[in-house]
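The values are calculated or read from the model by the stated rules, or taken from the named source; none is laboratory data. Computed from a predicted model, the values in this text were never measured in an experiment. Note that we place each Cβ from the backbone using ideal geometry, even for glycine, and neighbour counts take in every protein chain shown.
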Amino acid sequence: MITRALQNKIFFSFLICFLFVVFLFDLRFLSRHYDWDAIVYAYNINSDLIWRIFYNPHHLGFESSGYLYLKLWREWFGKDSVMFGLRLRILISALLFLFCFIYMYRKIYSDTLGAIVLGLAVHFSQGFWFYAQHNDTPLIHSCLIAALYLFCVYFTKKGHSPISLITLFTIQLFGVYFHQSDILFLPLVPISILFSQTWKGKNFELTQKLRYTLIYCFLLIGILTLSYLYVGFILLNRNLSSPLDSERNFANWLFLYATKDKWGNSPEAKNYVMNFYRGIGDAFLNFEGVKNGLRVRLHSWEQRESLPYNLNLTFWILIFCTIFFQF
């Protein structure tokens with residue numbers, strides 16, 4: 001009779017071998033697509049200039065961690081193939097996330113086959129596959145937030161402890177470092193704490209929950225605030241006395257995207273319904289660079305150009321209908 005512990009060890013070993021095969025597959029078919037962002041990020045990282053590495057305040061961790069990684073890459077492989085090395089970093093990060101995703105899903109739901117199938121579905125969705133081979137920001141911070149969600153679910157069911165909060169704190173902190181937008185997910189951990197029933201195996205009182213929630217939030221926001229102040233005022237030598245439109249002004253750097261028309265300020269009204277649909281559709285079907293626009297043609301199911309998008313829209317309508325009828 002195989003014990004539960006032995007099953008876990010066998011699955012752990014299998015998962016490592018399985019993802020190594022996936023890694024070889026991805027390496028064999030590694031995309032050669034470069035766009036402007038990928039080239040600029042590689043240039044910033046490879047420049048050895050602090051002001052370039054921290055030029056983008058909305059993802060402090062992406063280029064700075066890439067800079068540290070590139071130092072090791074140069075030591076081991078020389079100064080050539082910088083872009084390949086940086087893309088390899090993203091690919092390894094993607095596969096580490098898949099390992100966590102499959103392993104944690106199985107641990108939470110006790111479903112080995114479902115974990116593997118869902119892991120492959122995530123890997124071969126167009127958005128994940130594309131950005132896993134691309135020197136760009138979306139993948140790492142998205143993986144960190146997805147991992148944070150899984151760990152929150154797991155610790156909510158299992159119970160919290162100092163180790164669990166340190167784990168969640170670290171994941172969330174680096175998630176925000178890799179992209180500012182991840183601060184939107186700050187409530188995940190407090191919610192996990194509030195819904196958990198045990199603390200170190202004992203009953204988790206409401207007063208304890210509120211105390212740890214407040215400590216968690218203050219520490220996270222405090223460290224993030226100090227990080228931005230340190231990078232802005234100390235590393236980049238910004239100040240508050242320069243004109244607001246000057247690059248020397250701290251606020252101008254901190255709100256960089258909001259000051260650029262092509263980034264933060266849209267020159268025209270945004271259609272959020274269209275953006276939402278295209279965001280979902282592009283994540284599964286459409287590579288970057290294809291002409292923008294609604295590609296659904298409900299009256300043209302026989303055309304090969306429209307069929308995938310028609311099916312995609314139908315798929316999402318069925319998903320939302322299924323969710324609706326569950327209630």
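Output the residues belonging to segment 224-249 that are more than 16 Å from V176 (Cα to Cα) and polar (S, T, N, Q).
N237, N239, S241, S242, S246, N249
Test of understanding: among Y67, Y41, Y55, which residue is closer than 22 Å to R238 by Cα and either touching a Pro at 6+ places or on another chain (Cβ under 7 Å) or at pLDDT below 90 (or both)?
Of the residues listed, the single one that is closer than 22 Å to R238 by Cα and either touching a Pro at 6+ places or on another chain (Cβ under 7 Å) or at pLDDT below 90 (or both) is Y55.
Being surrounded by fewer than 16 Cβ atoms within 10 Å (Cβ to Cβ) and closer than 24 Å to H58 by Cα: is that true of I171 here?
no
Tell me yes or no: at least one residue of segment 236-250 is surrounded by 16 or more Cβ atoms within 10 Å (Cβ to Cβ), more than 30 Å from Y154 (Cα to Cα) and touching a residue at least 40 places away in the same chain (Cβ under 8 Å).
Checked segment 236-250: at least one residue is surrounded by 16 or more Cβ atoms within 10 Å (Cβ to Cβ), more than 30 Å from Y154 (Cα to Cα) and touching a residue at least 40 places away in the same chain (Cβ under 8 Å).
Give all pairs with beta carbons closer than 9 Å in which a residue from segment 79-92 that is surrounded by 14 or more Cβ atoms within 10 Å (Cβ to Cβ) meets a residue that is among the acidic types (D, E); count only pairs at least 6 apart in sequence or on separate chains.
Note: pairs meeting the criteria are I90/D136; L91/D26.
Filter segment 282-309 for residues that are modelled with pLDDT of 70 or more, out of contact with any helix residue (DSSP H, G or I) (no Cβ under 7 Å at 6 or more places or on another chain) and in a loop (DSSP other than H, G, I, E, B) and give the result.
Scanning segment 282-309 gives H299, S300, E302, Q303, R304, E305, S306.
Here is a list: S110, S125. Which entry is farther than 28 Å from R4 by Cα and either among the aromatic types (F, W, Y) or at pLDDT below 90 (or both)?
The conditions single out S125.
In segment 3-48, which residues are free of Cβ contacts under 8 Å to residues at least 12 places away in the same chain, assigned to a loop (DSSP other than H, G, I, E, B) and surrounded by 12 or more Cβ atoms within 10 Å (Cβ to Cβ)?
S47
Return the total of residues in segment 136-161 being in a helix (DSSP H, G or I) and either over 17 Å from C217 (Cα atoms) or free of Cβ contacts under 8 Å to residues at least 24 places away in the same chain (or both).
Final tally of qualifying residues: 17.
Are any of the residues in segment 114-125 under 15 Å from the mean Cα position of the chain (by Cα), touching a residue at least 24 places away in the same chain (Cβ under 8 Å) and assigned to a helix (DSSP H, G or I)?
Yes.
Of the conditions (1) buried (at least 16 other Cβ atoms within 10 Å of the Cβ); (2) in a helix (DSSP H, G or I), Q133 fails just one. Which one is it?
The failed condition is (2).
Looking only at residues in segment 53-86 that are in a helix (DSSP H, G or I) and among the charged types (D, E, K, R), which one is nearest to G175 (Cα to Cα)?
Within segment 53-86, the match that is nearest to G175 (Cα to Cα) is E63.
Out of everything in segment 174-215 that is more than 16 Å from the chain's Cα centre (by Cα) and polar (S, T, N, Q), what residue ends up being surrounded by the most Cβ atoms within 10 Å (Cβ to Cβ)?
Step by step, filter segment 174-215, then rank; the result is S192.
List every residue pair whose Cβ atoms sit under 6 Å apart, with the two residues 6 or more apart in sequence or on different chains, where the first one lies in segment 216-234 and is modelled with pLDDT of 95 or more and the second, anywhere, is among the charged types (D, E, K, R).
none
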